[in-house]
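Here the structure is laid out as structure tokens; the discussion comes afterwards.
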There are 2 protein chains.
Amino acid sequence: MLEAPATAPGSTHQGPIDIVRTQSLTTLVQRELERLILAGDVKPGERINEQHVAQRLRVSRGPVREALRGLERAGLVEARVNRGVYVREVSVEQALEIYEMRGLITGFACARLAAASTADQRGELAGLVTQMERAASAGDQALYYAINLAFHDKLMQFAGNMRAKAMYDALVKESHLCRRRSLFSPRNMGESNAEHAAILDAIRRGDAETARKVGEEHIVGGRRRFLDVVGSTAGT
Amino acid sequence: MLEAPATAPGSTHQGPIDIVRTQSLTTLVQRELERLILAGDVKPGERINEQHVAQRLRVSRGPVREALRGLERAGLVEARVNRGVYVREVSVEQALEIYEMRGLITGFACARLAAASTADQRGELAGLVTQMERAASAGDQALYYAINLAFHDKLMQFAGNMRAKAMYDALVKESHLCRRRSLFSPRNMGESNAEHAAILDAIRRGDAETARKVGEEHIVGGRRRFLDVVGSTAGT
DNA sequence: CTGATGTAAACTGTTAACAGTTTGCCTTCG
DNA sequence: CGAAGGCAAACTGTTAACAGTTTACATCAG
């Protein structure tokens, strides 16, 4: 990954970054690098070669360096002086801290929704829970994962604190940098979605304190499922 | 600010950024710009001129641009395409969101300390409360402000979640970008420190739930004092 | 006197070249 | 045969120059 110039000589394909420049190249490079990192195409601990990136995206090193500085502040990469930029590795301890913070913020959002939410919002969340139920029954992990993401996204969005949502999103991104990741086994999907239903129920009843509690515990549940994976998989 | 080359011709003074380069220029520029912004030397809404910064710090535009990209991701500046980088303006609404998040995280830290803290840690916090009491009695706002900062810093540090502390620090920095700021009037200092004492008391008793509540309410108190200032000061 | 238009200066976005450090490989000596 | 030292390639850090856009000012028409 991120090695050769990719396009063969004679190819008319101009590379991914030759769009009309309504945005700066730095922004486009940053987005592309973030995508590669979060998709796991470049793995934690791996080094990012400025020249290779520049050649691959048909850009000079300037915008690449700027993009990398942004990603550094976002916590996605680490820069070692005179030694290059590396994709950050998130340890298990750090991952647990991240789970705690995600739980805290999710609990906040749930409490907020219990105190103030529209029927439309509750309906949309209910619809997603139903969809997850179907995905879980079908055993479709990828689908469940996607809808689960949307559910939590809406939850944060409806809570009406943009700063909370931004922090939550940053935490989710960061958690992708931990090699050990928990997946949704069929049993986990059912368990996870039951918690979603409990959150929604508390929100509907306007019970802020319970909503906060089950929201927080839902993420703690994710943390437990994560620990199961870590525990059962020894080695690096 | 950030205008002329500063040093007069013939001056032997080499400018702030001619230290032995054990760190990258970008890092030093970033630190200096962050300092200028947080100290209020460059104000929210003001434009940052790359060339002027570069000249003033005796550096080329490259490192300056990289530093600005980092500050952008940190939320301290905003970049408008082909139009330059501006110090971010935090609206009153955004400031209130930030207060909410600071309260949430502070409450978390207090609960955590109530559940698990050493005698040394509690002693250190108690010492700071005592110092603040003296500062409040003397009516020394600057001193109270400084110790208050240290108290909250220790609180987050002792809570043992580095991610929480990092998020809290980022929020505090961001809140500096709101023009309307609450100061510590003599009455406010006493009120604020009484809340500190209540926090410490709950921590000592090991009452996590109360600690969380008073910790959160302490920041909400800050938010209320902030709203008083906003309300009593009309206009831009 | 006011508003539109055109021109020049200023500034941002980008690229390419230069300097110094790191790293890997090869040679050479024990 | 193994290890230490040196040389060369590769890569990062930095700078300077170029290109295109924005902005401010001056000029001119109404």
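The values are calculated or read from the model by the stated rules, or taken from the named source; none is laboratory data. Given the structure is predicted, the values throughout are model-derived calculations rather than measurements. Ideal geometry is used to build each Cβ from the backbone, glycine not excepted, and the neighbour counts take in all protein chains shown. All accessible areas refer to the heavy atoms of the entire protein, side chains included, with ligands and DNA or RNA removed. Shrake-Rupley method; radii C 1.70, N 1.55, O 1.52, S 1.80 Å.
Screening residue B:88 against (1) within 25 Å of residue A:22 (Cβ to Cβ); (2) free of Cβ contacts under 8 Å to residues at least 12 places away in the same chain leaves a single unmet condition, (2).
Rundown of residues vs (1) touching a strand residue (DSSP E or B) at 6+ places or on another chain (Cβ under 8 Å); (2) away from DNA strand C (no atom under 16 Å from the Cβ); (3) within 30 Å of residue B:42 (Cα to Cα), yes/no style:
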site: B:77; (1), (2), (3): yes, no, yes
site: B:96; (1), (2), (3): no, yes, yes
site: B:106; (1), (2), (3): no, yes, yes
site: B:117; (1), (2), (3): no, yes, no
site: B:137; (1), (2), (3): no, yes, no
site: B:140; (1), (2), (3): no, yes, yes
site: B:146; (1), (2), (3): no, yes, yes
site: B:151; (1), (2), (3): no, yes, yes
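Suppose the filter is of a type in the set (Lys, Arg) and closer than 18 Å to residue A:194 by Cβ; does residue A:112 pass it? No; evaluated as a whole, the condition is false for this residue. Just one of (1) within 16 Å of DNA strand D (Cβ to nearest atom); (2) open to solvent by 20 Å² or more (accessible area, probe 1.4 Å) fails for residue B:136. It is (1). Candidates are the residues of region A:37-77 that are within 11 Å of DNA strand D (Cβ to nearest atom), out of contact with any Leu (no Cβ under 8 Å at 6 or more places or on another chain) and not in a helix (DSSP H, G or I); the one that is least open to solvent (accessible area, probe 1.4 Å) is A:60. Counting only residues that are surrounded by fewer than 18 Cβ atoms within 10 Å (Cβ to Cβ) and part of a helix (DSSP H, G or I), region A:176-190 holds 3 of them. Any residue in region B:144-157 that is at pLDDT 95 or above, in contact with a helix residue (DSSP H, G or I) (Cβ under 7 Å, 6 or more places away or on another chain) and over 16 Å from residue B:218 (Cβ atoms)? For region B:144-157, residues at pLDDT 95 or above, in contact with a helix residue (DSSP H, G or I) (Cβ under 7 Å, 6 or more places away or on another chain) and over 16 Å from residue B:218 (Cβ atoms): present. Just for region B:95-111: of the residues that are facing another protein chain (nearest Cβ under 7 Å) and more than 13 Å from residue B:217 (Cα to Cα), which one is least open to solvent (accessible area, probe 1.4 Å)? Per the stated criteria, the residue is B:98.
Among the residues of region A:21-34, is any in a loop (DSSP other than H, G, I, E, B) and within 26 Å of residue A:179 (Cα to Cα)? Break it down into steps so the answer makes sense when it comes.
Here is the first cut: in region A:21-34, the ones in a loop (DSSP other than H, G, I, E, B) are A:21-24.
From the residues that got through so far, the ones that are within 26 Å of residue A:179 (Cα to Cα) too are none.
No, region A:21-34 has no match at all.
Can you tell me which residues in region A:157-170 are within 14 Å of another protein chain (Cβ to nearest Cβ), hydrophobic (A, V, I, L, M, F, W, C) and crowded, with 20+ Cβ neighbours inside 10 Å?
First pass over region A:157-170, keeping only residues within 14 Å of another protein chain (Cβ to nearest Cβ): A:157, A:159-170.
Right, trim to hydrophobic (A, V, I, L, M, F, W, C) and you get A:159, A:162, A:164, A:166-167, A:170.
Scanning region A:157-170 gives A:159, A:164, A:167.
Remark: pairs (first residue in region A:45-74, small (Gly, Ala, Ser); second residue outside any helix (DSSP H, G or I) and within 9 Å of DNA strand D (Cβ to nearest atom); Cβ separation under 8 Å; 6+ apart in sequence or on different chains) = A:54/A:60. Here is a list: B:169, B:140. Which entry is assigned by TED's automatic domain parsing to the domain that holds residue B:188, over 16 Å from residue A:104 (Cα atoms) and under 14 Å from the mean Cα position of the chain (by Cα)? Just one listed residue meets the conditions, B:169.
Do you know which residues across region A:117-142 are of a type outside the set (S, T, N, Q) and either in contact with an Asp or Glu (Cβ under 8 Å, 6 or more places away or on another chain) or touching a residue at least 12 places away in the same chain (Cβ under 8 Å) (or both)?
A:122, A:124, A:125, A:126, A:128, A:129, A:132, A:133, A:135, A:136, A:139
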